[in-house]
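Working notes for the structure below.
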Amino acid sequence: MSSLIQSGKRACFLPLKAGGIFEEWFSRYLWASFSVFVVSVFFYSGDIRIHRSLYYILVFAPFLIVYGLRWQNVRLMLSSRLFSLVVILSLFAIASSFVRLLSTGDITNLFDSIRYGVLLLGTISITVFVASRGNQYLDYLCRAFALGAAISALIAVTNYFNEEGALTVGGRMDGVLAYAGHPIKMAELYAVAAISALALSLHSAYSRRREIFWSAVYSLCAIPIFLSQSRGPILALFVTTIVLLVAFKRWRLASGLIVLVGVGFLSIVNSLIEYRDPLYADTVWVRIAIWEAALGDWWKNPIFGTGWVGPQSVSELVRGRYHQPHNVYLAVLLQGGLLGFLLFVALLLRALYVGLGAVKNSVAIAAGFGVILFFAVNGFSISRWIYDNPDLVWLEFWVPLAFIVAREVLPCQRCN
């Protein structure tokens, strides 16, 4: 571990010879550009490749050139067990792609696995760099994220009721955003913002007005989730909210929410599902059939899987129309085999453990823990390609993970 951390001094990225003025302005630029990119996810509906390119050019490349390639900074990042697990996972993805190269001769996957790994490690490093400059940066990022999502949710809900012609629940609210074109993805996206608003509300107990304000933002972000009529994200948000309330010892509110929402949850969801297209009314038996098919495919490549580059589908359609595993854990098992699955689970459990232990220390850690918990619960009902970035899973897992990595890298910071 870094001697700066051991001595109790402020740990941060190695300064440049240009002095502190450049560092301060560069960190502000990174925070501003990164925040604008994240918030724009709730409004952008164009070509996703153009949007990603802006992130590569305006955020990732400047950081990599100025700070990311310095060995002293790499050593500082490796002081985090979480970051070390991400490095191991990235190396395993490269090894898995290399094994596939030997059998197929396709070298594209090998290059892609290296590229995606560097992007993930870079995103986490950028977040830690910003956090090393002061606790306010990550807190401001959570505020900007929640407020931007609330404005986007207000626009989306208004358009929905205008299309329905009345203030009633009709069909599922469709996503029109580039990163959330499906109702389930839209629900997941707004859930990330709702949890961030909840973290801000719980950390605003000293100010009744702020607590009420962020609670209102939470409620506004939650409306599109319910209008999407997506059972998995609704249940995951419910579980995450209860856990965070209990973690902050809001016993009365948590108990009331369990009684009121828990009792009415099934009736509310069932009433929403009545409006859904029968083609989407999946049963438990359909999910079991999908999972059996996924496990059968995994057994063909039990150790290394089929490769981490690209989302994985089952080899044959289940009941003529289903091709995704509908389970993040099975998707990881298919892609990375048993080794990749164990690495991913270890990373997930470590993040939850560290986040829960420091959930009261800062807004960013509370938000990071809550979003990762949401992803873990929701992962039992949906499948996502966890290596894709920047994308929805980038906001659901990797960026929140970076908040918690900052807790390990900078334990002596005021923000942690």
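Numbers below:
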read-out	value
Within region 96-107, considering residues that are in contact with a helix residue (DSSP H, G or I) (Cβ under 9 Å, 6 or more places away or on another chain) and assigned to a helix (DSSP H, G or I), the one surrounded by the most Cβ atoms within 10 Å (Cβ to Cβ)	SER96
The listed residue being in the same structural domain as ILE404 (by TED's automatic domain parsing), assigned to a helix (DSSP H, G or I) and out of contact with any Pro (no Cβ under 6 Å at 6 or more places or on another chain), out of VAL87, VAL59, VAL39	VAL87
Counted residues, region 118-129 - those being more than 16 Å from the chain's Cα centre (by Cα) and surrounded by fewer than 22 Cβ atoms within 10 Å (Cβ to Cβ)	1
All positions within region 111-142 that are out of contact with any Lys or Arg (no Cβ under 6 Å at 6 or more places or on another chain) and farther than 15 Å from VAL399 by Cα	PHE111, ASP112, SER113, ILE114, ARG115, SER132, ARG133, GLY134, GLN136
Hits in region 343-368 (condition: touching a residue at least 60 places away in the same chain (Cβ under 8 Å) and assigned to a helix (DSSP H, G or I))	LEU343, PHE344, ALA346, LEU347, ARG350, ALA351, VAL354, LEU356, VAL363, ALA364, ALA366, ALA367
LEU279 vs. criteria at pLDDT 80 or above, surrounded by fewer than 18 Cβ atoms within 10 Å (Cβ to Cβ) and in a helix (DSSP H, G or I)	no
Selection status of ALA149, outside any loop (DSSP other than H, G, I, E, B), buried (at least 22 other Cβ atoms within 10 Å of the Cβ), hydrophobic (A, V, I, L, M, F, W, C) and modelled with pLDDT of 90 or more	yes
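For every residue, the table says whether it meets (1) surrounded by 21 or more Cβ atoms within 10 Å (Cβ to Cβ); (2) out of contact with any helix residue (DSSP H, G or I) (no Cβ under 6 Å at 6 or more places or on another chain); (3) farther than 23 Å from ASN327 by Cβ.
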{"position": "LEU200", "(1), (2), (3)": "yes, no, yes"}
{"position": "ARG209", "(1), (2), (3)": "no, yes, yes"}
{"position": "ILE212", "(1), (2), (3)": "no, yes, yes"}
{"position": "ARG231", "(1), (2), (3)": "no, no, no"}
{"position": "VAL239", "(1), (2), (3)": "no, no, no"}
{"position": "PHE248", "(1), (2), (3)": "no, no, yes"}
{"position": "TRP251", "(1), (2), (3)": "no, yes, yes"}
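The values are calculated or read from the model by the stated rules, or taken from the named source; none is laboratory data. This is a predicted model, so every value here is computed, not measured. FYI the Cβ positions are ideal-geometry reconstructions off the backbone, even for glycines, and counts take in every protein chain you see.
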